[in-house]
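Input: a single structure, listed below in structure tokens.
Laboratory data are not the source of any read-out in this text; all were calculated from the coordinates shown. Note that the structure is a prediction, hence the values are computed from the model and not measured. Every residue, glycine as well, gets a Cβ built from its backbone with ideal geometry; the counts of neighbours run over all protein chains shown.
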Amino acid sequence: MMIQPLLKKILFVILVFSLARSGYAQNPLITNQYTADPSARVFGDRVYIYPSHDILCTEGKGRIGWFCMEDYHVFSSSNLTDWKDHGVIVSQDKVPWVDPAGYSMWAPDCISRNGKYYFYFPSRARDTVANGKGFSIGVAVSDTPIGPFVPQSEPIKKVQGIDPNVFIDKDGQAYLYWSQGNIYGAKLKENMLELASDPVILQELPSEGLKEGPYVFERNGKYYMTYPHVQNKIERLEYAIGDNPLGPFRKAGVIMDESSTGCWTNHHSIVNFKKQWYLFYHHNDLSPNFDKNRSIRADSLLFNTDGTIRKVIPTLRGIGLSSALKEIQLDRYSDLSRNGVKVDFLDTANRMMGWKATLAQSDAWIRYNAVDFSVSKLKKLHVRAWSAQGAVLEIRVNKIDGPLIDKVNIGSSTDWKLVTSSKASVLRGVHDLFVVLKSADPVSVDWIRFEK
Ligand code: FUB
């Protein structure tokens, strides 16, 4: 008699744990433009991302083959799945001190203080600027997280470098960090626009290999200085821990290994949203052959009991629940059968159209975690698919041989088509989906979606 409540409790704990672990949105987060260097911030009940906006340099516009950025957008989400683009907030031709031929609006950051939002950004300065040639860091101020941001007419004095990051400690003291070969830190004045102390080089970080992109946060009284570092050939994300915002720090390990696709840079931020930590970072998903056109991603981040960070393995599934009512992109899978599944771009001439997954042998499967079926009586299943010879797909929940929620015949065709079944049967809740090929000939799937 006592077993049933206990079983319910265990099932509930398993559900909560798996939700906390499984992230929600799909990677990359933004697919209609290139985005990099994501600085994520929680303001109110939304997450805001302030990334760099990569474009392609062309003749007369920036340095061909190099980073090229002329403005910044901000994106926000309340559920980590649906990201809203709030448009351009700062552009190089609107900032008095920025060289308008620079195309160097590199990694920014944003922070809120006393009801104002301070957006920090680096760029190449005009020759006339007091800080001298090269990169300076400026601030633009707004009353809301999405702007309008008004840029200061001069960059911050005594700061030369890139990758600004701002941290406000519990006692209200704000700090600015940036990189220029080394990683620097200094106190900021209450006005958030001027340094309150001379910059210091943060020692004890790796002395060999490029390090940049500092990002500092505090957890349980410990200060985490996190940064991309070239230990081998390309950047990986590392961290050090200290008892004070300006150190000394003790090197503590690797947060994320080098990109398996060879993207030379990585750049990140770490936030806690609704009691879960997340790592925002970038790869070059939409531009596999040119790693200066990058795309932002996010995955869940976990701590060990001693406060060290567990290495984050990049996923395609990303974070956030996927609504069963929206297109579920199986190519952003959580897991695959060892053989018989391939993921390709839908159209290599327009990679922003996304990807397709091809199941090519009987019993090949794709797992896609954390689909939200909180809307009841979803009977229709739409599958955008293409099979030259025709195919049969089974959709199951929670295990490869878990409850069958539909079996769909994909008739043979010479192009993509939408196949609809009206006999789907699925219990309310959050489920991991398994899509299994039950015939011999290949089928490509763009997405699946449920409806009432
Ligand atoms: O986006 C340009 C530069 O690439 C950033 O400033 C660095 O952190 C690296 O991501």
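Rounded to a whole number of µm²/s, how large is the Stokes-Einstein D of region 107-152 at 25 °C and 0.890 mPa s, given Rh as the Kirkwood radius over C-alpha pairs?
Rounded, D is 218 µm²/s.
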**Request:** Please work out whether region 322-451 counts as rounded, prolate or oblate from its C-alpha gyration tensor, where a ≥ b ≥ c are the square roots of the eigenvalues and a/c under 1.5 means rounded, while otherwise a/b larger than b/c means prolate and anything else oblate?
**Result:** rounded
**Estimated dipole of region 111-235 in Debye, rounded to 20 [Cβ of Lys and Arg +1, of Asp and Glu -1, Cα centre]** = 100
**Asked** How much length, in nm to one decimal, is gained on full extension between K407 and F303, taken as 0.36 nm per residue of separation minus their Cα-Cα distance?
**Response** 33.4 nm
**Prompt:** Spin-label point model (7 Å from Cα, Cβ direction): what's the N220 to K170 distance in nm?
**Reply:** 1.4
**Request:** Rounded to whole Hz and in sequence order, give me ³J(HN,Hα) for region 142-155 from the Karplus expression 6.51 cos²θ - 1.76 cosθ + 1.60, θ = phi - 60°, writing x for Gly and Pro.
**Result:** 9, 8, 9, x, 10, x, x, 9, 9, x, 5, 6, 10, x
**Message:** Given the -39500 (n - 2.57) contribution per DSSP H run of 4+ residues, what per-residue ellipticity at 222 nm results for the chain, rounded to the nearest 500 deg cm²/dmol?
**Reply:** -1500 deg cm²/dmol
**Item:** Volume of the Cα convex hull of region 28-301, divided per residue and given in Å³
**Value:** 122
**Message:** I need the Kirkwood Rh of region 209-260: take the reciprocal of the average 1/r across all distinct C-alpha pairs and report it in angstrom.
**Reply:** 11.2
**Request:** Straight distance only, please: which aspartates and glutamates reach the Cα of K377 with their own Cα at less than 12 Å, same-chain residues fewer than 8 apart left out?
**Result:** E451
**Request:** Figure the gain on full extension for S78 and N339 (residue separation times 0.36 nm, minus the Cα-Cα span) and round it to one decimal in nm.
**Result:** 90.3 nm
**Prompt:** Within the set K275/K417; K251/K274; K275/K380; K133/K274, which residue pairs have Cα atoms separated by over 31 Å?
**Reply:** K275/K417; K275/K380; K133/K274
**Asked** Taking the Cβ of S421 as the center, what net charge do the other residues with Cβ under 10 Å away carry, scoring Lys and Arg +1 and Asp and Glu -1?
**Response** +3
**Request:** Tell me, for the chain, which Cys residues have no other cysteine's C-beta sitting closer than 4.7 Å.
**Result:** C110, C263
**Request:** Once you have the Kirkwood Rh of region 102-193 from its Cα pairs, apply Stokes-Einstein at 10 °C and 1.306 mPa s and quote D in µm²/s.
**Result:** 119
**Request:** Take peptides 56-62, 135-141 and line them up by average Cβ neighbours within 10 Å, highest first, as a rough protection proxy.
**Result:** 135-141, 56-62
**Request:** Could you rank the peptides 196-202, 231-237, 304-310, 26-32 by their average count of other C-beta atoms within 10 Å per residue, with the highest value first?
**Result:** 26-32, 231-237, 196-202, 304-310
**Request:** Please list the non-local residues whose amide H lies under 5 Å from the amide H of L188, H modeled 1.01 Å from N, same-chain partners needing a gap of 5 or more.
**Result:** A174, Y175, L176, A196
**Item:** In degrees, nearest ten, helix 3-21 long axis to first principal axis of the chain (Cα)
**Value:** 50
**Item:** Which listed pairs, of K233/K356; K187/K211; K222/K311, have C-alpha distances above 27 Å, in listed order
**Value:** K233/K356
